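Read through the structure below, which is laid out as structure tokens, and then see the notes.
The values are calculated or read from the model by the stated rules, or taken from the named source; none is laboratory data. Because the structure is predicted, anything quoted here is derived from the model rather than measured. Here Cβ is always computed from backbone atoms with ideal geometry, including for glycine, and neighbour counts include all displayed protein chains.
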Amino acid sequence: MTSEVHSRRVRASVVVAITLVVAVVLAFGYASGRGLFPAPPPAAPAETLRIALALTPDAALLHIAAAKGYFTEEGLAVTLRPVSHGKVALDLLAQDKADLASAADVPFVISVLKGEPLAIAAAVVSVPNEMAVVARRDRGIAAPHDLQGKRVGVTFGTNGEYFLWAFLIRHRLAPDSVTLVDVPPGKMAQELKSGTIDAVSTWEPIRSEVDAALGDNARSFVGPDAYTATQVVIGRSEFLKARPNASARLMRALLKAEAFNRAEPEQALALVAYQLKLDAGALLASGWKDFQLKVDLRQSQLVTLEDEARWAMARGYANKGPVPNFLPHLYLDALLAVQAERVTVVH
């Protein structure tokens with residue numbers, strides 16, 4: 001066999017091989033188009049959420065999730081609406097300017113008692129030592145019983161007011177032995193320093209601001225046995241039920257934030273301090289180590305909500321009557337779908 005004949009045969013074999021490869025590729029493409037070999041599904045579109053977010057350490061997991069990009073990783077396009085505290089966040093929710101709100105449980109209870117169709121999707125922190133009564137030493141306040149007859153600033157309808165009530169009861173003082181003055185959180189340091197009030201009952205970071213404003217004249221009282229502050233994520237019941245995928249994605253993002261805080265506590269502290277424009281050292285000193293950052297829905301929360309409802313009705317925030325059943329105001333499905341063991345509510 002001549003070399004020329006051999007070369008022609010080799011070229012012919014190569015052409016046949018290429019033809020077979022092309023045929024296979026075309027056949028695979030045809031099969032994919034007919035569904036025999038389905039193509040990978042397209043990425044699910046991002047779910048949009050508007051969250052009214054309190055600028056407080058209590059909402060730390062939401063701040064971490066936003067800063068670390070966990071919302072985006074879970075397919076959420078989140079718009080944050082920063083507010084000073086949870087009561088304002090609930091106002092935005094009621095005005096349909098937000099889909100979800102971060103707030104303490106007390107304003108949530110008051111809203112429910114007023115007929116708002118709201119539900120808690122998850123609790124995101126529990127902290128026993130965050131709330132405090134900060135008083136002026138020069139008004140003769142050295143111990144809790146010295147608060148009798150004094151003017152105490154609180155933000156009406158918030159956990160600051162509820163904490164003061166529980167604190168007074170804990171120290172066997174009649175709640176009406178003090179005069180309550182409605183003061184917005186942002187004006188507490190100013191009002192206390194000017195002397196128009198004798199003490200305030202509030203949360204972080206306002207508590208630290210008040211301490212700093214008074215300096216050596218400040219006397220602080222905590223009440224871990226009186227009240228454990230809880231921050232919750234709240235939405236309209238209809239919205240949560242209509243957007244189960246968005247709610248589940250939110251839970252996964254918050255669980256990632258919780259895991260980050262557990263694995264990198266110092267970085268988490270620094271990140272939250274940066275987000276809130278606070279000094280990390282001051283935040284740590286104010287009790288950050290006591291913040292139990294955990295996503296859950298506990299049976300014990302129902303008992304707390306009922307106690308707060310009785311208080312709210314006694315304070316006139318709602319008509320007196322039977323304590324409502326708060327179980328329908330807990331949206332369990334999202335957390336059950338993601339990590340069912342985080343839900344201990346009997347349902």
* Asked: With respect to the numbered conditions (1) in contact with a Phe, Trp or Tyr (Cβ under 7 Å, 6 or more places away or on another chain); (2) farther than 24 Å from ILE197 by Cβ; (3) crowded, with 23+ Cβ neighbours inside 10 Å; (4) not aliphatic (A, V, I, L, M), which one is the sole condition not fulfilled by PHE163?
  -> (2)
* Spot the failing condition for LEU180; the list is (1) part of a strand (DSSP E or B); (2) in contact with a Pro (Cβ under 6 Å, 6 or more places away or on another chain); (3) without any contact (Cβ under 8 Å) to a residue 40 or more places away in the chain, and only one is missed. => (2)
* To do: Return a yes/no flag: does region 88-95 have any residue that is part of a helix (DSSP H, G or I), in the same structural domain as GLY153 (by TED's automatic domain parsing) and in contact (Cβ under 8 Å) with a residue 12 or more places away in the chain.
  => no
* Say whether the condition of being on the phi > 0 side of the Ramachandran plot and touching a strand residue (DSSP E or B) at 6+ places or on another chain (Cβ under 7 Å) is met by at least one residue in region 62-70. => no
* Asked: Has region 142-159 got any residue that is under 19 Å from the mean Cα position of the chain (by Cα), assigned to a helix (DSSP H, G or I) and not assigned by TED's automatic domain parsing to the domain that holds GLU204?
  -> no
* Out of GLU209, GLU238, GLU204, report the one residue that is of a type in the set (Asp, Glu), in the same structural domain as VAL152 (by TED's automatic domain parsing) and either part of a loop (DSSP other than H, G, I, E, B) or within 29 Å of HIS329 (Cβ to Cβ) (or both). => GLU204
* Residues located in region 181-195, provided they are in contact with a strand residue (DSSP E or B) (Cβ under 7 Å, 6 or more places away or on another chain) and not charged (D, E, K, R) -> VAL181, VAL183, PRO185, MET188, LEU192
* Could you check, for region 194-201, whether at least one of its residues is in contact (Cβ under 8 Å) with a residue 60 or more places away in the chain and either in a helix (DSSP H, G or I) or in the same structural domain as ALA121 (by TED's automatic domain parsing) (or both)? => no
* List the number of the failed condition for SER84; all other conditions in (1) modelled with pLDDT under 95; (2) under 25 Å from SER300 (Cβ atoms) hold. => (2)
* To do: Tell me, yes or no, whether region 328-338 has at least one residue that is among the aromatic types (Phe, Trp, Tyr) and part of a helix (DSSP H, G or I).
  => no
* Kindly check whether there is at least one residue in region 289-303 that is part of a helix (DSSP H, G or I), of a type in the set (A, V, I, L, M, F, W, C), under 23 Å from ILE120 (Cβ atoms) and more than 15 Å from the chain's Cα centre (by Cα). => yes
